[in-house]
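Working notes, beginning with the structure itself.
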Amino acid sequence: MKLKKIFTSSKGLTLVEVLVSLTILGIVLMGTMKFFSQAYTYNHMNEKKTAAVNVARNALMHIEKENFIEVREKFRNNKEASLNLLICDNAYKIFWNGEPPEPSCSPIIVNNIGYNVTINLPKNEDANTNDSKGEHSSFFVPLEAKVSWEINGKEENTKIEGEIKSEDLR
């Protein structure tokens, strides 16, 4: 009976009741908006990381197209060897062991973000490049591609591991 009186009453709501209702509604909406803001940030970072993984994959594919014997020997002769992959005159170019890049070179740009690529032997698999592993080491070289980029003043990075194979197997 009281409920019917509230809905049929012509008195209306007081200003205090309206303000309390709006405050409660505001608190609920703020929590919901915080969830969407965090989801957007997480999605944005994953987009950058996906691009970095694709850059790393492309870098390994490019290295696989290089002379396999030269690449294998460089890594066999120097376990600490590394190479940087940059874009020079609209093409990939390799710089070994911190060799200074040409002035026309820049990091790999995807969606206006510069990705720096470094390729080296994985730390846990240095032994795979020596002759004690037999035939496998003659045709495969395990590599690790590290990609770093800066966004909002914070450096991010990711890495992937893979192997390049000899032309003899292609």
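The values are calculated or read from the model by the stated rules, or taken from the named source; none is laboratory data. On a predicted model such as this, the values are computed, not experimentally measured, just so you know. Virtual Cβ from ideal backbone geometry, glycine too; neighbours counted across all protein chains shown.
Remarks
- When residues in the range 48-92 are screened for being part of a helix (DSSP H, G or I) and within 13 Å of Y115 (Cβ to Cβ), 12 of them pass.
Residues are listed down the side, and each one gets a yes or a no for (1) part of a helix (DSSP H, G or I); (2) touching a Phe, Trp or Tyr at 6+ places or on another chain (Cβ under 7 Å); (3) modelled with pLDDT of 85 or more:
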{"residue": "N124", "(1), (2), (3)": "yes, no, no"}
{"residue": "N128", "(1), (2), (3)": "yes, no, no"}
{"residue": "S132", "(1), (2), (3)": "yes, no, no"}
{"residue": "P142", "(1), (2), (3)": "no, no, yes"}
{"residue": "K146", "(1), (2), (3)": "no, no, yes"}
{"residue": "W149", "(1), (2), (3)": "no, yes, yes"}
{"residue": "I160", "(1), (2), (3)": "no, no, yes"}
{"residue": "E163", "(1), (2), (3)": "no, yes, yes"}
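- The residue that is surrounded by the fewest Cβ atoms within 10 Å (Cβ to Cβ), among those in the range 82-102 that are modelled with pLDDT under 90 and in contact with a strand residue (DSSP E or B) (Cβ under 7 Å, 6 or more places away or on another chain), is E102.
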